[in-house]
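The values are calculated or read from the model by the stated rules, or taken from the named source; none is laboratory data. Model, not experiment: these values are computed from the prediction. Note: ideal-geometry Cβ built from the backbone for every residue, glycine included; neighbour counts use all protein chains shown.
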Amino acid sequence: MRYWMQIFLMIGVILLSGACNSDKPEINKGGDRVVEKTPNASLIDFIKGQKLANFPSTTIGSAFEAYRHVARKEWRASTLQVGYITVEFTGWIEPVTLNENDVKDGVIGKGIDITFVIEPGGAFYVYLISQIESKADGKVSRTKALDTAAILSDIYANRKLNL
């Protein structure tokens, strides 16, 4: 029964995402700044409200928003032609934390990219975690992270990632 409720909830989220999108800015909860509404915001909110099996006490959104070792956090959602939806979290570390070798190599930014997939039935999972580097020439490279469990553990424990 609970499984079917999740499926109906996901279908509702998907249907509402098209109806609720707006190009008008919205005031955040604190009322102190204007935030542009993100396309597919309800899909991002769906992922943020979920819990990963290995971290059942905290939602994804709470853990990622509280993670203090990234300076800039970005969320994006997109629908794939095959009916799956991807939600990406990108977190960029402070440029002042780059080491000497990074600077020599033209690296101007480092971060982490975590891609979640939402299946047509409403189930979701972490699909890919990548380390990202931005270079002065505008190129961004991605390297698949090998120890995804350790990266998620570090985020949930609010420990600094070793990028």
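Close contacts from the range 119-140, counting a first residue that is in contact (Cβ under 8 Å) with a residue 60 or more places away in the chain and farther than 16 Å from VAL82 by Cα and a second that is surrounded by 12 or more Cβ atoms within 10 Å (Cβ to Cβ) and of a type outside the set (Lys, Arg), with Cβ to Cβ under 7 Å and a gap of 6+ residues or different chains, come to VAL126/ILE114; VAL126/PHE116; VAL126/THR148.
Selection over the range 58-84 of residues that are at pLDDT below 95 and more than 13 Å from the chain's Cα centre (by Cα) gives a count of 9.
Here THR148 meets the list (1) surrounded by fewer than 12 Cβ atoms within 10 Å (Cβ to Cβ); (2) within 16 Å of PHE64 (Cα to Cα) almost entirely, failing just condition (1). Going through (1) among the small types (Gly, Ala, Ser); (2) surrounded by 11 or more Cβ atoms within 10 Å (Cβ to Cβ); (3) not in a strand (DSSP E or B) one by one, SER130 falls short only on (3).
Put simply, of VAL103, VAL82, VAL96 the only residue that is closer than 16 Å to LEU163 by Cβ, loosely packed, with under 12 Cβ neighbours inside 10 Å and of a type in the set (A, V, I, L, M, F, W, C) is VAL96.
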